[in-house]
Structure formats: structure tokens, C-alpha cells
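Okay, so here's the structure we're looking at.
The values are calculated or read from the model by the stated rules, or taken from the named source; none is laboratory data. A quick note: this is a predicted structure, and the numbers were derived from the prediction, not measured. All Cβ positions, glycine included, derive from the backbone under ideal geometry; neighbour counts span all protein chains shown. Side chains are part of the model used for accessible areas, which takes the heavy atoms of the whole protein and leaves out ligands, DNA and RNA. Shrake-Rupley method; radii C 1.70, N 1.55, O 1.52, S 1.80 Å.
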Amino acid sequence: DEAVETSRSPAGGTSAETGTAQATDTVAGKTKERSERIEPRDSVGDLNAAGIKAGEFPGSIKIPGTGDVSLAIGGFIKTVAIFDSDAENMGADFLPATLGTRRPDQDGAFSLDATLTRLHLDGRAPVTHGRVRGYVEADLNSGNDGSLGVKMRQAYGAWETDVGTLLAGHTWSTLMDLKILPEGLTEPTVSGVIFMRQPVISWSQPLNPQFTYHLAIEDASSNDVFSEEPSLGNTSLPDAIAGLEFSPSDVGHLRLNGILRQIEIDTIGGGNDDAVGWGLALSGHLKVLERDRIVFSGVYGEGLGRYLLGIQSTAGAAIDPASNELSLRDNWGLMLSYAHPW
């Protein structure tokens with residue numbers, strides 16, 4: 001909106017070279033002067049202008065009186081329309097393992113569901129050695145039946161250093177590969193993949209720009225035993241998980257995860273037994289045709305139970321009624337997908 005004068009030659013003509021140079025200097029100077037006057041917000045009549053400042057990551061503000069703590073409040077409102085042709089009230093989270101476990105409705109069922117609406121708080125701050133983060137996330141799908149009920153999805157703290165990241169809290173299992181989950185209208189509950197949120201203490205560290213390793217101990221609370229006789233889990237060791245990820249530039253990635261877990265039972269009748277469960281998961285994605293993605297996952301193990309999506313958690317282990325001993329079951333899953341953005 002500001003006019004720029006150009007110089008004139010003694011004969012009254014315009015000196016294009018000189019005029020352009022002067023115009024550039026004038027514009028640059030006025031732009032710099034104008035940018036120095038711009039403030040994050042209009043302070044006139046604003047009693048809180050000094051207290052509210054932009055945070056250090058997108059969407060955040062600095063909390064007054066806390067120094068350098070940045071906080072972001074986010075989330076979304078999601079409403080989905082569901083028509084289920086053969087089962088009644090399955091919920092917004094479609095769990096293939098529950099098919100056939102509820103009353104069938106041959107005429108189908110229609111529902112509107114807003115329980116996947118989500119809210120999160122994300123706080124971050126620099127410290128002497130790195131940066132700390134606190135993250136809390138909840139949705140309204142506690143019962144997975146269409147009724148509104150708060151469900152905590154994630155609640156964790158993380159300390160990011162120049163060496164690696166230490167994380168503790170309730171979040172996605174380290175046995176998962178979050179990069180392979182396809183997009184979906186609701187939760188991407190795809191059969192054959194590892195899918196679990198639970199209490200975790202993990203350490204992740206890059207070895208070089210292409211390789212990163214992950215180590216974790218996770219909650220061992222087990223509902224993996226199938227028995228007609230009531231049983232009590234008394235697992236004395238955490239689930240131990242390790243992973244190695246290879247990410248060559250922008251081509252894709254490959255991740256190998258492994259788990260060892262102790263499954264123990266005490267039956268009401270006085271018997272007790274234990275067994276070591278294990279599993280390996282190989283997953284990754286490959287970018288093709290500039291924007292498309294091929295995604296794959298293969299999982300195999302014994303006693304994976306609740307970790308493997310698509311089977312009942314009680315399909316991980318069972319009590320042999322003949323010997324009253326714990327018997328682990330083979331678990332495996334495969335997933336392949338192709339994604340093309342329109």
C-alpha cells in the first residue's frame with residue numbers, strides 16, 4: 001500500500017537501474033520497520049497482553065508465571081453414522097474379535113455416534129539437559145456402546161535429550177508400529193496387527209540418521225488365560241519389548257519388534273503354573289508413485305493374547321483341564337494395505 005519513488009536522470013528521464021535499486025532499499029527498509037512494529041496481539045485495551053505469548057510449538061501459548069512452559073489445547077469433534085447389517089450395538093470401535101458374541105439383528109441396526117470426540121492437553125518446556133513433555137488425551141468412548149463416558153487414551157511424561165527419549169505413562173505399546181496403521185473413519189482397528197495402549201516405561205535412541213532402537217518394560221496385567229475355572233494372574237515380571245527401526249530417507253521404513261512375557265496363573269483350586277510368551281513383528285511401508293503407500297505387517301508368537309488385534313485376548317493361553325497346566329497358543333496375523341490419496 002506504500003508508494004515508492006524512483007530517481008530521475010538530469011534530462012528528466014527515469015534511470016531504471018538506479019530507480020530499481022533505490023526502490024528495493026526503500027521497500028526493504030519500510031518492511032523491516034513495519035515488521036518491528038508488529039506485535040503478537042493488539043495490546044490497546046488488553047489487560048492481559050503481557051501475559052499471553054506464542055508458545056514454542058505450533059498451536060501453543062506460553063503459560064504466564066511459568067517461565068518457558070508452552071501449552072496446547074487440542075482435539076476434535078467426530079460424529080459417525082453406523083449401519084450394521086447383522087449385529088446390534090457394536091460400538092464405534094469395531095473389534096473383529098467380538099463378532100458373534102452379541103445378539104444378532106438380522107434386520108440391521110442404525111446408530112449415530114459422537115463418542116470418538118477427543119480432547120488433549122500438551123505441555124512442553126526446556127530443561128537443563130533437553131526438553132520435557134506432559135501429554136494427556138481422552139475421548140468419550142468408555143463403554144463403546146454409543147453412550148458418552150470419558151475414557152483416558154493417553155497420559156504420559158517424556159524427557160527428550162540429545163542422546164534419546166525416556167518416556168513413562170499410559171500410551172501406545174512399544175510393540176506397535178504406529179506408521180503402518182491405515183486411515184479410517186473410526187479407530188483403525190485392523191485385524192492382524194499389534195494394537196495396544198497400556199502403562200509403559202520406554203527408551204528410544206537413534207544410532208544414526210537411519211537406525212533407531214527402542215527398549216521398554218510394559219504392564220504385565222494379564223487377561224490372557226482362558227479357563228472355565230476362575231483364575232488369578234500374579235505375573236511377577238513386566239513384559240519386555242525391544243525394537244529396531246530402519247528409515248532410509250523418504251523411501252519408507254522397516255521395523256522389527258520382539259516381546260518376552262511371563263504368564264502366570266493361580267487357580268481357585270490351588271494349582272499354579274507359568275509359561276514364557278514371546279512374539280516377533282515385522283512391519284513397514286514403501287512409498288510408490290510419489291504419493292502412494294504400500295503397507296505390510298506380519299506377526300507370529302505364542303501367548304500374544306491381548307496385543308494382537310482380531311482375536312480375543314483369552315486366545316493367548318489356556319489351562320489344560322487334563323493336567324491343570326498352563327498352555328500357550330500359537331498366535332499369528334498378517335496385514336497388507338495400499339493407500340492412494342485422491
Picking from Ala322, Ala339, Ala315, the residue that is open to solvent by 20 Å² or more (accessible area, probe 1.4 Å) and free of Cβ contacts under 8 Å to residues at least 24 places away in the same chain would be Ala322
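Table: residues versus (1) in a loop (DSSP other than H, G, I, E, B); (2) within 19 Å of Ser60 (Cα to Cα).
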residue	(1), (2)
Phe94	yes, no
Leu112	no, no
His120	no, yes
Val132	no, yes
Val136	no, yes
Asn144	yes, no
Met152	no, no
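Only residues that are farther than 20 Å from Thr98 by Cβ, charged (D, E, K, R) and open to solvent by 20 Å² or more (accessible area, probe 1.4 Å): list them for the range 286-312, please.
Taking the range 286-312 first, the residues farther than 20 Å from Thr98 by Cβ are 286-298, 300-303.
Then drop every residue that is not charged (D, E, K, R), which leaves 287, 290-293, 302.
Within the range 286-312, Lys287, Glu290, Arg291, Arg293, Glu302 qualify.
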Quick one: which residue in Thr98, Thr117 is among the β-branched types (Val, Ile, Thr), under 22 Å from Arg306 (Cβ atoms) and open to solvent by less than 40 Å² (accessible area, probe 1.4 Å)?
-> Thr98
If you take the residues of the range 75-95 that are touching a Gly at 6+ places or on another chain (Cβ under 9 Å) and surrounded by fewer than 13 Cβ atoms within 10 Å (Cβ to Cβ), which of them is modelled with the lowest pLDDT?
-> Ser85
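Condition check: open to solvent by less than 20 Å² (accessible area, probe 1.4 Å) and more than 21 Å from Thr189 (Cα to Cα). Does Asp122 satisfy that?
Here the answer is yes, as Asp122 does meet what is asked.
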Are any residues in the range 252-285 part of a strand (DSSP E or B), at pLDDT below 95, of a type in the set (A, V, I, L, M, F, W, C) and open to solvent by 50 Å² or more (accessible area, probe 1.4 Å), and if so, which ones?
-> Val276
In the range 207-232, residue modelled with the lowest pLDDT [restricted to those that are open to solvent by 60 Å² or more (accessible area, probe 1.4 Å) and under 19 Å from Thr314 (Cα atoms)] = Pro230
For the range 132-150 the number of residues that are at pLDDT 95 or above and either among the acidic types (Asp, Glu) or open to solvent by 30 Å² or more (accessible area, probe 1.4 Å) (or both) is 8
Criterion (among the small types (Gly, Ala, Ser) and free of Cβ contacts under 8 Å to residues at least 24 places away in the same chain) met by exactly one of Gly100, Gly143, Gly169, Gly164 | Gly100
